[in-house]
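Working notes, structure below.
What follows is calculated from the coordinates using simple rules that are stated; it is not laboratory data. Here the structure is a predicted model, which means the values were calculated and not measured. Glycine also receives a Cβ, built like all others from the backbone with ideal geometry; neighbour counts cover every protein chain displayed.
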Ligand code: NDP
């Protein structure tokens with residue numbers, strides 16, 4: 001028996017809750033026996049609960065909560081008495097939800113690291129600083145259990161366990177080959193997405209992070225099930241945890257594909273100041289341009305119906321082979337269909353590729369396969385049971401050997 005409390009009711013939450021309900025329906029090991037969902041707007045929780053009921057026959061209890069109000073969060077946790085709180089709200093809520101978990105003595109999981117509202121700086125140190133307090137309280141926090149971060153780290157650790165003794169070079173390739181038919185829209189929360197993309201790029205090289213201007217390095221890559229796409233080097237949070245847990249890494253980079261139309265719109269929006277996060281005065285009120293922009297852009301959860309095509313996200317790693325056969329390069333990836341994701345859960349592929357790993361991370365914790373006291377990253381656990389569940393629950397992966405290290 002395990003009760004779970006999910007916070008946030010966007011696309012990622014919707015997929016995760018549908019997946020938890022499928023597991024409950026199939027009677028898998030007694031996990032997710034009671035599913036509770038709370039968010040700022042209760043009607044969004046109710047809409048998810050109705051869809052889950054229709055698709056799986058399972059009940060989801062819903063609540064309204066402002067997750068930044070720690071006492072209210074503690075009250076809700078005490079009322080629901082979950083074994084685990086799954087934070088699928090926004091990165092800004094990570095710390096208040098962790099505070100509430102500490103006070104109520106409950107395990108915690110999220111998919112994105114904390115970011116202060118007034119600084120586009122996503123780094124793990126704020127959450128790593130909770131380690132001792134979680135350890136003393138005898139509870140566990142699992143950070144970044146989405147696709148990237150999340151599966152990308154699990155893929156890397158699987159290669160390190162089964163194929164490579166050391167990893168010298170690592171490239172994470174995130175391709176969204178989906179077409180939503182809109183001139184400009186983001187596939188997850190626009191505010192978080194645009195803050196991430198307009199930040200300076202950073203990659204790991206010879207023991208330190210090297211910073212370059214945003215979107216200044218790009219290369220074309222031919223993605224299976226998508227075709228050739230321009231991908232841009234950018235900073236992504238798993239580079240911080242991977243470089244910590246794989247100390248021999250000489251170079252680690254993160255790449256994401258963007259179409260020319262997307263870049264054109266983003267450049268214009270940046271040039272006119274619409275992506276700024278400093279408040280400006282508008283009709284006597286303080287507004288943040290990026291938040292206003294997010295309010296006028298299409299809502300990511302509305303894109304599912306029209307999105308076609310595939311995502312293809314994976315990791316290319318080069319290092320010394322485990323079997324002593326010299327240096328080897330492996331490419332491990334998942335291809336996910338937007339249409340199939342929508343058919344199954346009513347959400348597009350980017351929400352699907354994040355919501356499924358959030359469910360799997362929760363299953364790892366509730367089923368006792370991943371456990372510990374303190375704050376942990378995905379790299380610190382055995383990748384095998386997680387990889388098995390990816391295959392079983394909609395995100396099958398493949399691995400192949402390449403002729404040599406990447407040439408870009
Ligand atoms: P959405 O913006 O669609 O959903 C966020 C939800 O959080 C909304 O329901 C929102 O409520 C709710 N929320 C916001 N503030 C609060 C608050 N103070 N209290 C309670 N609820 C709140 O985002 P997504 O579903 O696209 O993304 C969810 C998370 O997943 C984000 O943190 C995102 O960064 C992360 N992510 C991770 C990825 C990965 O691969 N690791 C990839 C994609 C996303 P309301 O509806 O009222 O606005």
Hydrodynamic radius of the range 3-143 per Kirkwood, over alpha carbon pairs, in Å: 15.2 Å
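Could you tell me the relative contact order of the chain? Use alpha-carbon pairs under 8 Å, at least six residues apart, and round to a whole percent.
Details: 890 pairs, mean separation 83.6, N = 408.
Value for the chain: 20 percent.
Given a Förster distance of 35 angstrom, what is the FRET efficiency for residue 121 paired with residue 323, based on the Cβ-Cβ distance and rounded to 0.05? Spell out each step's value before the answer.
Numbers: r = 41 Å, r/R0 = 1.18.
Efficiency for this residue pair is about 0.25.
Starting from the exponent 0.38 and prefactor 2.2 Å, build the expected Rg for the range 357-398 from its residue count and divide its actual Cα Rg by it.
Numbers: Rg = 10.3 Å, N = 42, 2.2 N^0.38 = 9.1 Å.
The range 357-398 yields a ratio of 1.14.
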Largest to smallest principal axis extent of the C-alpha atoms in the chain, angstrom: 56, 56, 41
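Take the eigenvalues of the Cα gyration tensor for the range 151-216, scale each by 5, and report the square roots as semi-axes in whole Å, largest first. Could you put the intermediate results ahead of the total?
Working: eigenvalues 163, 69, 18 Å².
Working from the Cα gyration tensor, I get semi-axes of 29, 19, 9 Å.
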Residue 408 versus residue 382: modelled label distance in nm, points set 7 Å from Cα along the beta carbon direction: 3.7 nm
Inter-label distance for residue 272 and residue 33, nm, one decimal - labels placed 7 Å from Cα along Cα-to-Cβ: 5.6 nm
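Based on DSSP, what percent of beta bridges with both residues in the chain are antiparallel, to the nearest 5? Kindly include the intermediate steps, with their values, before the conclusion.
Values: 47 of 77 bridges.
Counting DSSP beta bridges with both partners in the chain, the antiparallel share is about 60 percent.
Taking the highest mean first, how do the peptides 367-373, 281-287, 12-18 order by number of other beta carbon atoms within 10 angstrom per residue?
On the way: 367-373: 15.3, 281-287: 8.4, 12-18: 29.7.
So the peptides 367-373, 281-287, 12-18, ranked by packing, come out 12-18, 367-373, 281-287.
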Approximate spin-label separation residue 295-residue 50, in nm, with each point projected 7 Å along Cα-to-Cβ: 2.6 nm
Bins of 10 Å, starting at 0 and running to the largest distance - Cα pair percent for the range 117-199: 12, 30, 35, 20, 3, 0
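How would the range 237-287 be classified by its alpha-carbon gyration tensor: rounded, prolate or oblate, with rounded meaning a/c under 1.5 and the a/b versus b/c comparison settling the rest?
Working: a/c = 5.49, a/b = 1.91, b/c = 2.87.
It comes out oblate by the Cα gyration axes.
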Column: log10 I(q)/I(0), Debye, Cα scatterers of the range 190-291, q = 0.10, 0.12, 0.14, 0.25 Å⁻¹: -0.37, -0.51, -0.66, -1.28
For the range 268-408, fraction of C-alpha pairs farther apart than 22 Å, in %: 62 percent
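At a 10 angstrom cut-off on C-beta neighbours, averaged per residue, how do the peptides 35-41, 77-83 rank from highest to lowest? Don't skip to the end; give the middle numbers.
Details: 35-41: 22.0, 77-83: 16.7.
Going by the mean number of other Cβ atoms within 10 Å, highest first, we get 35-41, 77-83.
Just want the ordering: 128, 204, from fewest to most Cβ atoms lying within 10 Å of their own Cβ. Don't jump to the answer; show the numbers that get you there.
Details: 128 19, 204 22.
Final ranking by Cβ density, sparse to dense: 128, 204.
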